[in-house]
1. Among the helices (runs of 4 or more DSSP H) contained in region 80-199, which hold 3 or more residues that are under 18 Å from the mean Cα position of the chain (by Cα) and within 18 Å of residue 4 (Cα to Cα)?
2. Among the residues of region 15-57, write down those that are exposed (fewer than 14 other Cβ atoms within 10 Å of the Cβ), out of contact with any strand residue (DSSP E or B) (no Cβ under 8 Å at 6 or more places or on another chain) and not small (Gly, Ala, Ser).
3. Looking at region 9-37, I want the residues that are touching a residue at least 40 places away in the same chain (Cβ under 8 Å) and have a partner that is outside any loop (DSSP other than H, G, I, E, B) and of a type in the set (S, T, N, Q) with Cβ atoms under 7 Å, at least 6 apart or on another chain. Which pairs are those?
4. The conditions are (1) of a type in the set (Phe, Trp, Tyr); (2) over 18 Å from residue 189 (Cβ atoms); (3) in contact with a helix residue (DSSP H, G or I) (Cβ under 9 Å, 6 or more places away or on another chain), and residue 106 fails exactly one of them. Which is it?
5. Just to be sure I understand the filter: pairs with C-beta atoms under 8 Å, separated by 6 or more residues or on different chains, first member in region 97-112 and surrounded by 16 or more Cβ atoms within 10 Å (Cβ to Cβ) and at pLDDT 95 or above, second member of a type in the set (Val, Ile, Thr) and assigned to a loop (DSSP other than H, G, I, E, B). Which pairs pass?
6. Pairs please, first residue from region 62-91 and among the β-branched types (Val, Ile, Thr), second anywhere and part of a strand (DSSP E or B), Cβ atoms under 7 Å, 6+ apart in sequence or on different chains.
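The values are calculated or read from the model by the stated rules, or taken from the named source; none is laboratory data. Computed from a predicted structure; not experimentally measured. Every residue, glycine as well, gets a Cβ built from its backbone with ideal geometry; the counts of neighbours run over all protein chains shown.
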Amino acid sequence: MHCHLLWGVDDGAHTLQDSRDIISLLKARGFHGAYCTPHIISRYPSNTPSSLKARFRELLDSLPDRDFDLRLSAEYMLDENFERMITEEEPLSHDGTHLLVELPQFRLPNAWMDMLQLVLDRGFIPVLAHPERYGKIMPPEELAALSTRGIRFQGNIGSLFGLYGKTCQAVARQFRKENLYLWWGTDAHNASMLKKLRL
């Protein structure tokens, strides 16, 4: 439900071959498809729903067969451009109902709760990407409390076995035990990272 295999648009796959390598590894590990969720964030100003749809079509057209179900969504950063990015064009949603969003990992942005409320006001359910990784900005109990406000969670598979550290692992396992996760994803940015995952 979350990976960065769409090439040349963010800090994920750099080339079309990189994208193909990630797809091959996912297939070898039993996956039947994946959502491409590139960053929509101020540091990648050219990433818009329109531009990402065009690149996604290029990816689909380049594949020799369609035995791997690829779909397009996005990971929206709650930053100074967030409101503009979800109002200028119809947001890239997994299913027309949920919107994947993320927080910076080292500081809470101003008015971040207002941004989440904006998502709700626009008729989407916010899905917070990898909340287990936000330990530097919010304690686990405050993060867990977001679930009572209509916010769902997407976890990183790597968090469960310590890829991001023991603290993150403990939070991920706690949230999993409490059934807070709606989705799981590899969050794979490249083939090397994917090879480290215990899938």
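1. Values: elements: 82-87, 112-121, 140-145, 166-177, 191-196.
Answer list for region 80-199: 191-196.
2. If the condition is that a residue be exposed (fewer than 14 other Cβ atoms within 10 Å of the Cβ), out of contact with any strand residue (DSSP E or B) (no Cβ under 8 Å at 6 or more places or on another chain) and not small (Gly, Ala, Ser), then 15, 17, 29, 43, 45, 57 are the ones that fit.
3. Filtered contacts from region 9-37: 13/19; 16/62.
4. Among (1) of a type in the set (Phe, Trp, Tyr); (2) over 18 Å from residue 189 (Cβ atoms); (3) in contact with a helix residue (DSSP H, G or I) (Cβ under 9 Å, 6 or more places away or on another chain), the lone unmet condition for residue 106 is (3).
5. Matching pairs, first to second residue: 100/37; 103/137.
6. That search, which allows pairs on different chains as well, returns 86/76.
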